[in-house]
Amino acid sequence: QVQLVESGGGLVQAGGSLRLSCAASGRTFSSYTMGWFRQAPGKEREFVAAINWSTYYGDSVKGRFTISKDNAKNTVYLQMNSLKPEDTAVYSCAGHRGGIVDTNIRRTVAYDYWGQGTQVTVSS
């Protein structure tokens, strides 16, 4: 029921910043748990951040990345600061109707809707 489209990826030098956006088509966006995952070629998806009534972050990005959303615009954002080469990956937006228990919010299987992803490349 929800279409997700990511944008904002690109090439940035280590230490730089980038802001990703995820636009959702659904009218019930505010009731969804939204997450960001990333995946490098040949590797499994890694949890980055999620937001519902609270926010959650992967250990590798905590303190550097910030997730936020604008319900009026049906858009979730990922502000990425102090980027490192190891942050290089395809970043995908994911959604789930309603809440996700804390034990599952980091799992890809918990999310029902996925965008196609946007490439982030961090050079050294």
PRE reach from Ser31 (point 7 Å along Cα→Cβ): which of region 71-103 fall under 11 Å by backbone N?
97-99
List the lysines whose alpha-carbon lies under 26 Å from that of Lys43, not counting same-chain residues fewer than 8 positions away?
Lys62, Lys84
For region 98-111, what does the Karplus curve 6.51 cos²θ - 1.76 cosθ + 1.60, with θ = phi - 60°, yield as ³J(HN,Hα) per residue in whole Hz, taken in order and with x for Gly and Pro?
x, x, 10, 4, 4, 6, 10, 5, 8, 9, 4, 5, 6, 9
If one builds a Gaussian network model of the chain from Cα atoms under 10 Å apart, the most fluctuating residue listed among Ala49, Ala24, Ala14 is Ala14
Would you mind estimating how fast region 12-124 diffuses translationally, via Stokes-Einstein at 10 °C and 1.306 mPa s with the Kirkwood radius over Cα pairs, in µm²/s?
113
Mind giving me the FRET efficiency for Gln116 and Ala72? R0 is 22 Å, r the Cβ-Cβ distance, nearest 0.05 is fine.
0.35
How charged is the neighbourhood of Ala50? Take every other residue with its Cβ under 12 Å from the Cβ of Ala50, and add Lys/Arg as +1 and Asp/Glu as -1.
+2
In Å², what does the accessible area per residue of region 41-82 work out to with a 1.4 Å probe?
56
Any idea what the relative contact order of the chain is, in percent, if you count C-alpha pairs under 8 Å spaced at least 6 apart?
36
Once phi is turned into ³J(HN,Hα) by the Karplus curve 6.51 cos²θ - 1.76 cosθ + 1.60 with θ = phi - 60°, what whole-Hz value does each residue of region 73-88 show in order, with x for glycine and proline?
9, 6, 9, 10, 10, 10, 8, 10, 10, 6, 5, 10, x, 5, 7, 4
If I compute solvent accessible area with a 1.4 Å probe over the protein chains, what percent of it on the chain is carbon and sulfur?
46
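The values are calculated or read from the model by the stated rules, or taken from the named source; none is laboratory data. All values derive from a computational prediction rather than experimental measurement. Cβ atoms come from the backbone with ideal geometry, glycine included; neighbour counts cover every protein chain shown. When the accessible area is computed, the model is the full protein with side chains, heavy atoms only, and any ligands, DNA or RNA have been set aside. Shrake-Rupley method; radii C 1.70, N 1.55, O 1.52, S 1.80 Å.
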